[in-house]
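Note sheet for the following structure.
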Amino acid sequence: MRIRVVSRLRLSIFLFILVTLAFAAGWQVASSAASCAGADSAAPGQMSAVTTRRIVVGPGDSLWSISAQFAPSSMDPRFAVYELRKHNGLSSSLISIGQQLTLPDTWPRADIARR
């Protein structure tokens with residue numbers, strides 16, 4: 001009789017933990033999808049809280065020159081190139097003319113006037 005009670009208790013605890021983890025994972029996926037879907041769009045008639053600063057790659061531009069132009073002057077240029085690559089999902093430093101890049105939000109807005 002005691003074995004059955006312990007087995008049922010263990011099963012109940014296991015199921016509770018499993019359901020809690022499944023709920024937490026679902027919550028995380030749903031919140032990530034919602035934040036990605038609404039990051040650049042706003043409802044009609046409303047301004048978006050997130051403003052994306054985009055630049056178009058021109059002739060002679062490189063990630064290094066773009067980083068030198070727009071990154072904070074106190075930032076190490078190597079880290080600025082890395083941050084720009086990571087922010088745009090680039091697997092290498094190769095960019096092409098006409099390609100659109102977004103600047104990281106951590107870079108100050110005043111620096112965009114330098115271009």
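Structure values in brief
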quantity	calculated
Förster radius 41 Å - calculated FRET efficiency between R10 and Q99, Cβ distance, rounded to 0.05	0.10
Cα principal axis extents for the stretch 54-114, largest first, Å	26, 22, 18
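Values in this text are rule-based calculations from the coordinates and carry no lab data. As the structure is a prediction and not an experimental result, all values here were calculated from the model. Because the Cβ atoms are built from the backbone with ideal geometry, glycine has one as well, and the counts that use them run over all protein chains shown.
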